[in-house]
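Take a look at the structure set out below.
The values are calculated or read from the model by the stated rules, or taken from the named source; none is laboratory data. Values in this document were obtained by computation on a predicted structure and should not be read as measured data. Counting neighbours? That spans all protein chains shown, and the Cβs are built from the backbone with ideal geometry, glycine included. To get the accessible areas, we keep the full protein, side chains included, count just its heavy atoms, and leave off ligands, DNA and RNA. Shrake-Rupley method; radii C 1.70, N 1.55, O 1.52, S 1.80 Å.
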Amino acid sequence: MNEALWILVAANVAFVGTHFAMSHPLRAPMVKAMGAGGFQAAYIVVSFATLAWVYFAFVAAPPADLPGSGEVGWIAATIITLPAMILLAGSFIGNPALPTPMAEAQARAEPGGVFRVTRHPMMWGIGLWALSHMVLWWSTRTLIVALAMGILALVGAKFQDAKKEALMGDAWAQWESKTSYWPRLGRFPSIGALPLLAGTALWLAASWVHLWRAGIPAGVFRWVG
């Protein structure tokens, strides 16, 4: 790999590594030293700084330096992205992993919507989005970023379980007993109309934005329009 790609690797390691470190082993000592407000400010600054490094390193890296997987890859990516967007859209409805006053009650309730599929719909949405870009085999820079985001999401989901077990105790244990880390794809038909419609709308919108932002037709717009 050339120097620009190694810089991109370093940027992604910094982004993912600092996120894991500040979310888990460094969180308690940082909160103790800086207070909750100071910690949040530091977390935001570091996250945005490392994410900006990822962006600029990505732009500087060589584009389209791999042969690509052709139409088969585009079909696979389009199919994979649909459940990713459905999971992501549905993850904002009744999610006990989000820091809200209702979190414990939501964890004790019966799972509905996308939580019938997995208790980590947001993380799996990001993970599947990452996979959809990897199967295209379009560029080394895309593979690096997609792999990093997939690790951040799916390893982060495991770390989140451990953190929530410590913070929420029996409530999270109940939630884990009723849900699955791994997606149960056969349960998609039972999630209800709202996440299906919202996710499909997000899927179409993201595909349209891809053409406008990246200059490459993606999703159904690769063949329609």
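Here is the figure for the stretch 140-155: residues that are surrounded by 21 or more Cβ atoms within 10 Å (Cβ to Cβ) and over 23 Å from TRP203 (Cβ atoms) total 2.
Screening TRP137 on (1) in a helix (DSSP H, G or I); (2) open to solvent by 30 Å² or more (accessible area, probe 1.4 Å); (3) among the hydrophobic types (A, V, I, L, M, F, W, C); (4) farther than 20 Å from HIS19 by Cα shows it passes everything except condition (1).
Is there a residue in the stretch 116-130 that is open to solvent by less than 20 Å² (accessible area, probe 1.4 Å), under 21 Å from GLU165 (Cα atoms), aromatic (Phe, Trp, Tyr) and part of a helix (DSSP H, G or I)? No, because not a single residue in the stretch 116-130 is open to solvent by less than 20 Å² (accessible area, probe 1.4 Å), under 21 Å from GLU165 (Cα atoms), aromatic (Phe, Trp, Tyr) and part of a helix (DSSP H, G or I). Looking across the stretch 55-78, the residues that are surrounded by 13 or more Cβ atoms within 10 Å (Cβ to Cβ) and of a type in the set (Val, Ile, Thr) come down to ILE75, THR78. For the stretch 178-192, the candidate set comprises residues that are assigned to a helix (DSSP H, G or I) and under 13 Å from PHE115 (Cβ atoms); within that set, the residue that is nearest to the chain's Cα centre (by Cα) is PHE188. Applying the condition of being touching a Pro at 6+ places or on another chain (Cβ under 8 Å) and surrounded by fewer than 24 Cβ atoms within 10 Å (Cβ to Cβ) to the stretch 84-101 and asking which residue is nearest to ALA206 (Cα to Cα) yields ILE93.
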